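Dumping the structure here so I can ask a few things about it.
The values are calculated or read from the model by the stated rules, or taken from the named source; none is laboratory data. All values reported here derive from a predicted model rather than from experimental measurement. We place every Cβ from the backbone using ideal geometry, glycine too, and count neighbours over all the protein chains shown. Please note that ligands, DNA and RNA were not included when accessible areas were found on the heavy atoms of the full protein model with its side chains. Shrake-Rupley method; radii C 1.70, N 1.55, O 1.52, S 1.80 Å.
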Amino acid sequence: MSEAMIDLLKSGRIDTGLLCELAAHPDFVKLLADIQIYVEGNAATRIQNLNAWVDVARAEIVEKYQPGEHDKTAGVLQAAHVREGDYFISRVHDDIDAIMEDIQQYHCGRTQTGFRGSGELQGQPGGITVDGILQADKVTL
């Protein structure tokens, strides 16, 4: 963990309990994987290849059938073009929405909740805390 992250956690500027619930949620790993794929550009080439294939198919259809400007098939092929940013924004949005819904559902009617490391929710004090993380993991900080 960086010094900046440790300072942020200790500062009181963020709800560290909520941050811990988010990070301990079973689907948090999926969220980070989707973010990492986007940030590192791992899928960019595949998306570009898919778009190139769509462009080839569209060009063949236009050449062979010469559809009008408002032709349904040409419109479908245009809509099939995938924008990398839009694709990942949608994936990450879906990931975080599901996590937030789970956390909100478990907060209804509870004063304190937290995901245990096993992914089980605990409806009483003693869930994951930042202090616990900082104490247990000093070596890797």
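Run D15 past the list (1) surrounded by 15 or more Cβ atoms within 10 Å (Cβ to Cβ); (2) under 19 Å from Y106 (Cβ atoms) and report the number of the one that doesn't hold.
(1)
Pairs under 7 Å by beta carbon, first residue more than 17 Å from R83 (Cβ to Cβ) in the range 25-50, partner aromatic (F, W, Y) and open to solvent by less than 100 Å² (accessible area, probe 1.4 Å), six or more apart or different chains?
H25/F115
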